[in-house]
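Undergrad: Take this structure first; my questions come after.
The values are calculated or read from the model by the stated rules, or taken from the named source; none is laboratory data. As the structure is a prediction and not an experimental result, all values here were calculated from the model. Backbone-built Cβ (ideal geometry, glycine too); neighbour counts: all protein chains shown.
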Amino acid sequence: MKVVNKGIDKLDAMSLVTGKPVYTDDIAPENCLIVKVLRSPHAYAKILSIIIDKALKVPGIECILTYQDVPQKRFTMAGQSYPEPSPYDRLILDEYVRYVGDPVVIVAGVNVKAVNKALKLIKVNYEVLKPILNMEEAIDNSIVIHSEDDYHLNFDIGNDVKRNLCASGSFKSGNVDEELKSCHVVVDEQYHTKANNQAMMETFSTYTYLDYNGRVNIITSTQIPFHVRRIVAKALDIPKTKVRVIKPRIGGGFGAKQTVVSEIFPAIVTMKTGKPAKMIFNRFETFCASTSRHEMKIRIKLGADKEGNIKAISIYTLSNTGAYGEHGPTTVGLSGHKTMTLYNKASSFKFDYDVVYTNTMSAGAFRGYGATQGAFALESAINELAVKLNMDPIELRQKNLLEEGDIMTTYYGETLTSCNLDNCINKGKELVGWNEKYPYRRISDSKVRSVGVAITMQGSGISGIDMASVQIRLNDDGYYTLLIGATDMGTGCDTILAQMAAECLECNMDQIVVNGVDTDQSPYDSGSYASSTTYITGMSVVKACNKLIEQMIVEASKILIVQKETLEFDGQKIYNSEKSITLDKLAQKLVVGDGNYLMANASHSSLSSPPPFMAGFVEIELDTQTGKIDIIDFFGIVDCGTTINPKLAKIQVEGGIVQGIGMALYEEVSYSTTGKMMNNSFMQYKIPSRLDIGNIHVNFESSYEPTGPFGAKSIGEVVINTPCPAIAHAVYNAVGVNIRSLPITSEKILLSIINSR
Amino acid sequence: MFTLKDYIVPESIEEASQLLNQNRNNVILGGLLWLKMGNKNYNKGIDLSKLGLNTIIENESSIEIGCMVTLRQIEISKVLNTYFNSLLVKSVKNIVGVQFRNCATVGGSVYSRFGFSDLLTALLALDTHVHLFHGGVIPLEEFINMTYKKDILIKIIINKDTRKASYQSHRKSATDLPVLAVAISRYNSHWKISIGARPNKAMIALKSSELLSHRPDQIESACNQAVSEMKFGTNIRGSAEYRRELAKVLIRRGVEEICR
Amino acid sequence: MQIKCTINNRIFVEDIQVDMLLIDFLRHLGFLSVKRGCDTANCGLCTVWIDNKTVLSCSILAVSVNEKHVTTLEGIQDEAIEFGKFIASEGAEQCGYCSPGFIMNVLAMKRELVNPTEDSIKHYLSGNLCRCTGYMGQLRAIKKFLNATRGGCLSESS
Ligand SMILES: Cc1cc2nc3c(=O)[nH]c(=O)nc-3n(C[C@H](O)[C@H](O)[C@H](O)COP(=O)(O)OP(=O)(O)OC[C@H]3O[C@@H](n4cnc5c(N)ncnc54)[C@H](O)[C@@H]3O)c2cc1C
Ligand code: FES
Ligand code: FES
């Protein structure tokens, strides 16, 4: 391969590093109305009245909207393919507010000062209601969070909204209860993962304007332009034809921008006023009025025989979707299906879940999407099982590992077509120096060094649902335009997809032009989430390029007057043993007179979602007197199939591991007793700085995925899953305490040490 | 977001003080890092940057740090890297980052008397006075416990003794506010144990310091004494119980470092 | 209030509100490389230089740069490209949103520190957050850049 599997620079690299104005707020016109939202100070309340007279009089104020001024059609903000699994439980503005931060009034004016002043002058009278803040108290509480009559479900998700149950379900194979009875050892523990914030550096940003056709144009920092088009149209109760969405460069997403967050507010202001409007969330709002990772409590029962053969795995997940159900019914599934499957050899499996509403901020999508939470629980339980069996945790895993060719019982019955996890584990074991370092070494009176391990899997796209289409065009002097609907959010997918096209078309990268997403121009793509872009959109690129080559050969055969079957294409020319035409010439001929401008379209979706795998190994130094953890080294060994761009893949892994370290050690969205978010800034919600991460080392042990483009699977999400369980394991190995509730703070460690004395 | 109607750069400290007292909503601007996060509507902002208060001066018997000196100046100051085992340098170097420390001022840091303040904890372990325009020169300890009166903090004056000192803090992540901060010093045989971020304002553990000054071998008792003579509280960074445990460990480490 | 200042070697005389922050002033004048990532002075995305000192433009009043010289990434494009190539070849600009502030601070560091060790590099840059890259690629880029531009002062293992 000439272009694929090469560390090509990102196409947009130089404009990003020179600070070019390429993000939403950089390109918004100066004359946009500034849009801000007055937010609820109460976790649960009914609005009795809103007095806006004084605010309306503030010079420069153009538009103030309350729930009485907006369409009353319920929708979900979750960026999912229609019909969405998430319940329609939202209004743009509602008479009821269900968490601290829920929007109450939309204000737009000519400048920030006027809008801020107006916001201060609005008076809202609330009937304050008692909230539910603890997810364990949600089911069958006398307080009902969604009692509206027009609450709507697209299909059965095990919902019982009067019980605050957003979704529930179960899965079973074999008889877990019976198996557990006959097991030699059983681990039965509950693990608690917290809400986290995606914390991408660019906050939610959108601007909107009406074009000359009276259509609302939405320029927005999103992962899901096509879903935004549909959702905004539904929320505003206008036809989809009236909405156009454009995605410029994005300053990170990590799932946060897989939900509609900032788009609707300026869009409705533009609809009402006819004027351009923009809404740039500040960091506080980005924390407290968007969506977080789902908090989960996961109960694991795990049984094995004397030899360490895992017999039974049972998982019960209670997931907190917050005030609204975005991604609630879907994230929870991954906590079971994308964890147990690793131990496919077990003979019985059980997975039950409940997803509940509470009066906290809605949860949503965040890299890992439930698998991260499940991985902390099950991998921790596996490590605890190894202790009970008195067995090396690596040996235990390798004994029970799924294998290529397996039919994966707990993974929708799919067949495992590529897997090199065993070698990932072997490699990591060697790199971290497991044999010398496991379980721990004492460094001094107060310092212990120890190692920990975890393995994980994810998917590559949502099987049967995600779809991507691509168009490739041959332009008049022999270069190509690649039109995609997949959204590059910094991940480099524009570059990676161009690499695939260049490989197929046997040309250089600079012969491929890739455009950003514009729903008026780009072919449909469900969006960049669920680790789908490389695998699903990539496959569309391959299909489209092959079609284009066929078309070029047909056209060449007409010009050269030879049988098309005799012709070949080598990237420069189309030829047979006698005749030849250069690409350049062909392209020019095709756009003159009786030509035929060549465009090839292809769509792709996949019936399977082949899992990428990763083994994570950590070495920590633990201060046994303060509980402080220093990460020394983290080794991530990944099987993502063929790495299309090893350099960008490596950065994905490093970035994912660091986010995982943050989640493991201190990231936690917490609420006061009245439901106010306590850490809504980078001062209170700490993400890792470069001083907090030790050394990260990345290796690839690639398998070849036959259903993926050039053998590729996905990489974006799997990389965040191992740090939590691996670090928890290292802590156990250092000081013998199991921390089963994230984050693994020094305080928890030290107090557990003291209590276990 | 705070608002400000007017901005003035006075030419003399007297003028600054006069401006400050003209209106209840006039305010001294330090590095603005804290001020700008508030929601207040201020009238006049008074910028002290033209008053020559941005230097660290070494005198015969004291070190004077002007209120407009930045935390970064402390960090790279030759004098402060020489005296007190670089106590002040160590106390500021975890604060956010270099650009931040190039902005944040000593005046803003000390005047605010934050509970979490690293600098205050460290200064308290030294022989430190603050020079206020109206209030005159008073010991830092007194200033810390005073009510917030409108005045200008002109400079900090530290007695240049041969004190040995140690700085210890625990943070959840490297650049976070401290969960607990401990500064300890020994001058001749006299010990001072200052504990901040409890999460309340830094205080000297008087009895514990005394105990150690008389019985320097009784480190364990001094640690226990410190923990029992002060109040520790709970906030999102840590519980009172954990802070008490940390305090014992950090005090012991500080004392041992000085004795080494 | 009227101020006169130099931005990237060009003189500006502007009438502005006194509570305008420097970041908003600069963006208003079209220096859009300057980014805002937080409201609490924690992220470093807004880093610019005032009289060659690296500072947070989100925490400084625009009026206070009266008679001073401000430098943004637009003003040092040659250096940005030179260092930027090292970042690009590590793939260490992912979303790129943190890049301008980060590069401003790296270039300030290069001017201030002589032969920095890896630890002092990390310390100097600790106020520049990046959520995408995990920092390792940035560090590789910095080391290669310093080696290339200083004739190998910084050893790979330092
Ligand atoms: C995100 C963040 C993280 C921080 N982390 C830490 C930390 O880890 N450890 C730590 O110790 N500190 C920390 N701080 C505090 C910081 O170091 C400064 O102390 C703080 O920002 C105040 O300094 P300033 O110069 O910005 O003052 P300003 O914000 O300008 O002023 C603060 C107050 O002091 C008043 N004031 C300023 N100068 C004078 C004067 N000369 N006389 C009288 N009054 C005056 C002002 O009127 C105002 O009321 C942090 C602050 C922030 C914003
Ligand atoms: S914008 Fe975050 S530090 Fe300035
Ligand atoms: S590259 Fe996205 S925040 Fe640094």
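Undergrad: Please find, among B:Asn224, B:Asn235, B:Asn188, B:Asn200, the residue that is on the phi > 0 side of the Ramachandran plot and not assigned by TED's automatic domain parsing to the domain that holds B:Val98.
TA: Values: B:Asn224 fails: on the phi > 0 side of the Ramachandran plot; B:Asn235 fails: on the phi > 0 side of the Ramachandran plot; B:Asn200 fails: on the phi > 0 side of the Ramachandran plot.
Among B:Asn224, B:Asn235, B:Asn188, B:Asn200, only B:Asn188 is on the phi > 0 side of the Ramachandran plot and not assigned by TED's automatic domain parsing to the domain that holds B:Val98.
Undergrad: Let me ask something additional. Quick check on this structure: which one of A:Lys589, A:Lys573, A:Lys547, A:Lys564 is without any contact (Cβ under 8 Å) to a residue 40 or more places away in the chain and under 44 Å from the mean Cα position of the chain (by Cα)?
TA: A:Lys573
Undergrad: A follow-up question, please. Out of the residues in the stretch C:22-38 meeting the condition of being more than 15 Å from the chain's Cα centre (by Cα) and within 24 Å of A:Pro29 (Cβ to Cβ), tell me which one is farthest from ligand 1 (Cβ to nearest atom).
TA: The extreme case among them is C:Gly30.
Undergrad: Shifting gears a bit: Among the strands (runs of 3 or more DSSP E) lying completely within the stretch A:439-500, list those that include at least 1 residues that are more than 30 Å from A:Val541 (Cα to Cα). Let's see the steps before the verdict.
TA: On the way: elements: A:440-442, A:447-457, A:468-474, A:480-484.
Filter on the stretch A:439-500 gives A:440-442, A:447-457.
Condition check ((1) at pLDDT 95 or above; (2) over 26 Å from C:Lys53 (Cα atoms); (3) within 12 Å of chain C (Cβ to nearest Cβ)) across all residues:
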| residue | (1), (2), (3) |
| --- | --- |
| B:Ile28 | yes, no, no |
| B:Ser49 | yes, no, yes |
| B:Ile76 | yes, no, yes |
| B:Val79 | yes, no, no |
| B:Thr82 | yes, no, no |
| B:Thr105 | yes, no, yes |
| B:Phe116 | yes, yes, no |
| B:Asp127 | yes, yes, no |
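Undergrad: Can you find even one residue in the stretch B:57-71 that is in a helix (DSSP H, G or I) and either within 11 Å of chain C (Cβ to nearest Cβ) or away from ligand 3 (no atom under 16 Å from the Cβ) (or both)?
TA: Yes, the stretch B:57-71 contains a residue that is in a helix (DSSP H, G or I) and either within 11 Å of chain C (Cβ to nearest Cβ) or away from ligand 3 (no atom under 16 Å from the Cβ) (or both).
Undergrad: Determine which member of the set C:Ile81, C:Ile76 is at the interface with another protein chain (Cβ under 8 Å from one of its Cβ atoms), part of a helix (DSSP H, G or I) and surrounded by fewer than 24 Cβ atoms within 10 Å (Cβ to Cβ).
TA: Result: C:Ile81 is the single residue among C:Ile81, C:Ile76 that is at the interface with another protein chain (Cβ under 8 Å from one of its Cβ atoms), part of a helix (DSSP H, G or I) and surrounded by fewer than 24 Cβ atoms within 10 Å (Cβ to Cβ).
Undergrad: A:Lys676: surrounded by fewer than 24 Cβ atoms within 10 Å (Cβ to Cβ), basic (Lys, Arg), over 22 Å from A:Val718 (Cα atoms) and in contact (Cβ under 8 Å) with a residue 12 or more places away in the chain, yes or no?
TA: yes
Undergrad: Out of curiosity, is A:Leu236 over 30 Å from A:Ala386 (Cα atoms) and outside the structural domain of A:Thr487 (by TED's automatic domain parsing)? Break it down stepwise before answering.
TA: Working: over 30 Å from A:Ala386 (Cα atoms): yes; outside the structural domain of A:Thr487 (by TED's automatic domain parsing): yes.
So A:Leu236 fits the description; yes.
Undergrad: Another question, then. Step by step: first the residues of the stretch B:233-248, then only those that are hydrophobic (A, V, I, L, M, F, W, C) and surrounded by fewer than 21 Cβ atoms within 10 Å (Cβ to Cβ), then the one that is nearest to the other protein chains (Cβ to nearest Cβ). Which residue is that? Write out each step before concluding.
TA: Taking the stretch B:233-248 and keeping what is hydrophobic (A, V, I, L, M, F, W, C), we get B:236, B:240, B:246-247.
Keeping just the survivors that are surrounded by fewer than 21 Cβ atoms within 10 Å (Cβ to Cβ) gives B:236, B:240.
Working: B:Ile236: 5, B:Ala240: 11 Å.
Restricting to residues being hydrophobic (A, V, I, L, M, F, W, C) and surrounded by fewer than 21 Cβ atoms within 10 Å (Cβ to Cβ), the top hit is B:Ile236.
Undergrad: Let me ask another. Give the stretch C:95-145 a look and list any residue that's at pLDDT 95 or above, part of a loop (DSSP other than H, G, I, E, B) and away from chain B (no Cβ under 13 Å), or say none.
TA: Selection gives C:Cys95, C:Gly96, C:Tyr97, C:Thr117, C:Arg131, C:Cys132, C:Thr133, C:Gly134.
For (1) modelled with pLDDT of 95 or more; (2) within 16 Å of ligand 2 (Cβ to nearest atom); (3) within 16 Å of the chain's Cα centre (by Cα), each residue gets a yes or a no:
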position: A:Gly459; (1), (2), (3): yes, no, yes
position: A:Leu482; (1), (2), (3): yes, no, no
position: A:Met489; (1), (2), (3): no, no, yes
position: A:Leu505; (1), (2), (3): yes, no, no
position: A:Ile512; (1), (2), (3): yes, no, no
position: A:Val541; (1), (2), (3): yes, no, no
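Undergrad: Sticking with this one: Of all residues in the stretch C:95-139, which are in contact (Cβ under 8 Å) with a residue 40 or more places away in the chain, surrounded by fewer than 18 Cβ atoms within 10 Å (Cβ to Cβ) and either within 26 Å of A:Phe682 (Cα to Cα) or basic (Lys, Arg) (or both)?
TA: Within the stretch C:95-139, C:Arg111, C:Glu118 meet the criteria.
Undergrad: Further, regarding this structure: Output the residue which, of all residues in the stretch A:355-386 that are charged (D, E, K, R) and in a helix (DSSP H, G or I), is surrounded by the fewest Cβ atoms within 10 Å (Cβ to Cβ). Reasoning before the result, please.
TA: Looking only at the stretch A:355-386, we keep the residues that are charged (D, E, K, R), and these are A:367, A:379, A:384.
Those left that are additionally in a helix (DSSP H, G or I): A:379, A:384.
Numbers: A:Glu379: 29, A:Glu384: 22.
By that ranking, first place goes to A:Glu384.
Undergrad: For A:Glu285, work out the one condition from (1) part of a strand (DSSP E or B); (2) within 14 Å of chain C (Cβ to nearest Cβ); (3) of a type outside the set (Ser, Thr, Tyr) it doesn't fulfil.
TA: Among (1) part of a strand (DSSP E or B); (2) within 14 Å of chain C (Cβ to nearest Cβ); (3) of a type outside the set (Ser, Thr, Tyr), the lone unmet condition for A:Glu285 is (1).
Undergrad: Right, another one. Looking at A:Asn197, A:Asn213, A:Asn282 in this structure, which one is without any contact (Cβ under 8 Å) to a residue 60 or more places away in the chain and either within 16 Å of ligand 3 (Cβ to nearest atom) or over 23 Å from A:Gly527 (Cβ atoms) (or both)?
TA: A:Asn213
Undergrad: Please determine whether any residue of the stretch B:201-219 is closer than 22 Å to C:Thr40 by Cβ, modelled with pLDDT of 95 or more and within 14 Å of ligand 1 (Cβ to nearest atom).
TA: yes
Undergrad: Go through (1) farther than 30 Å from A:Ala730 by Cβ; (2) in contact with a helix residue (DSSP H, G or I) (Cβ under 8 Å, 6 or more places away or on another chain); (3) not aromatic (Phe, Trp, Tyr) and name the single condition A:Ile631 misses.
TA: Status for A:Ile631: all satisfied but (1).
Undergrad: OK, next. Among the residues of the stretch B:92-116, write down those that are away from ligand 2 (no atom under 16 Å from the Cβ) and of a type in the set (Gly, Ala, Ser). Quick ask: steps written out before the conclusion?
TA: Kept after step one, since they are away from ligand 2 (no atom under 16 Å from the Cβ), are these residues of the stretch B:92-116: B:92-94, B:105-116.
Hits for the stretch B:92-116 are B:Gly107, B:Gly108, B:Ser109, B:Ser112, B:Gly115.
Undergrad: Still on this structure, I have one more. When you check C:Asp51 against the structure, is it in contact with a strand residue (DSSP E or B) (Cβ under 8 Å, 6 or more places away or on another chain), more than 7 Å from chain A (Cβ to nearest Cβ) and of a type in the set (Asp, Glu), yes or no?
TA: Details: in contact with a strand residue (DSSP E or B) (Cβ under 8 Å, 6 or more places away or on another chain): yes; more than 7 Å from chain A (Cβ to nearest Cβ): yes; of a type in the set (Asp, Glu): yes.
Yes; evaluated as a whole, the condition is true for this residue.
Undergrad: What pairs come up if the first residue lies in the stretch A:684-699 and is within 7 Å of chain B (Cβ to nearest Cβ), the second is charged (D, E, K, R) and in a loop (DSSP other than H, G, I, E, B), and their beta carbons are under 8 Å apart, counting only those six or more places apart or on different chains?
TA: Matching pairs, first to second residue: A:Lys686/A:Glu667; A:Lys686/B:Lys172; A:Lys686/B:Asp176.
Undergrad: When you scan the stretch C:21-53, how many residues do you find that are in contact (Cβ under 8 Å) with a residue 24 or more places away in the chain, within 12 Å of ligand 2 (Cβ to nearest atom) and either among the polar types (S, T, N, Q) or assigned by TED's automatic domain parsing to the domain that holds C:Glu112 (or both)?
TA: Number satisfying all stated conditions: 2.
Undergrad: Please indicate, with yes or no, whether at least one residue in the stretch C:32-40 is within 16 Å of ligand 3 (Cβ to nearest atom) and farther than 22 Å from A:Phe284 by Cβ.
TA: yes
Undergrad: With the condition kept exactly as written, say whether any residue in the stretch A:629-638 is closer than 30 Å to A:Glu379 by Cβ and assigned to a loop (DSSP other than H, G, I, E, B).
TA: no
Undergrad: Also, I was wondering about something else. Considering only the stretch C:56-73, state which residues are farther than 21 Å from C:Asn128 by Cβ, out of contact with any Ser or Thr (no Cβ under 8 Å at 6 or more places or on another chain) and outside any helix (DSSP H, G or I).
TA: Scanning the stretch C:56-73 gives C:Leu61, C:Asn66, C:Glu67.
Undergrad: Related question: Residue by residue through the stretch A:640-652, note down the ones that are within 8 Å of another protein chain (Cβ to nearest Cβ) and hydrophobic (A, V, I, L, M, F, W, C).
TA: The answer is A:Leu648, A:Ile651.
Undergrad: Could you tell me whether any residue of the stretch C:4-27 is within 16 Å of ligand 3 (Cβ to nearest atom), among the basic types (Lys, Arg) and either more than 19 Å from B:Met37 (Cβ to Cβ) or buried (at least 18 other Cβ atoms within 10 Å of the Cβ) (or both)?
TA: No, the stretch C:4-27 contains no residue that is within 16 Å of ligand 3 (Cβ to nearest atom), among the basic types (Lys, Arg) and either more than 19 Å from B:Met37 (Cβ to Cβ) or buried (at least 18 other Cβ atoms within 10 Å of the Cβ) (or both).
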